[in-house]
């Protein structure tokens with residue numbers, strides 16, 4: 001009984017060549033969707049992270065992936081490292097550039113975050129003025 005069903009499916013595919021074309025078109029559509037949903041955003045994120053790490057300069061406030069916060073005091077381009085000074089006792093630690101999670105220097109933050117900070121400052125200012133009037 002099962003053999004008859006498989007034989008009928010094979011005959012119908014042979015009779016209609018567009019079924020094969022539609023099947024391949026469907027798989028191509030799936031791969032294109034996967035590219036735009038998975039691969040492209042990942043590559044974009046990697047490029048942004050690489051740009052962030054290459055823009056490190058002396059004097060920047062940096063947070064590492066381990067959560068250590070400090071100020072960059074030296075850069076070594078030959079082995080892609082930097083020296084981070086942290087704490088009140090001025091402890092110096094050398095890190096690889098790939099260990100940078102974010103640059104916390106206000107000039108290095110994206111413009112969107114600056115706009116949000118300005119809005120929050122205006123809101124706080126308006127709240128203070130409103131409370132003083134009462």
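Pulled fully out, how much extra length does the chain show between residue 65 and residue 16, if you take 0.36 nm times their separation in residues and subtract their Cα-Cα distance? It would help to have the intermediate numbers written out before the result.
Working: separation 49, 0.36 × 49 = 17.64 nm, distance 5.71 nm.
Length difference between fully extended and current span is 11.9 nm.
Using the per-residue mean of other Cβ atoms lying within 10 Å as a proxy for protection, in what order, highest first, do the peptides 100-106, 81-87 fall?
Details: 100-106: 15.4, 81-87: 17.0.
Most protected by this proxy first, the peptides run 81-87, 100-106.
Bear in mind that the values in this text are calculations on the coordinates, not laboratory data. These numbers were taken from a predicted model, which means no experiment stands behind them. Ideal geometry is used to build each Cβ from the backbone, glycine not excepted, and the neighbour counts take in all protein chains shown.
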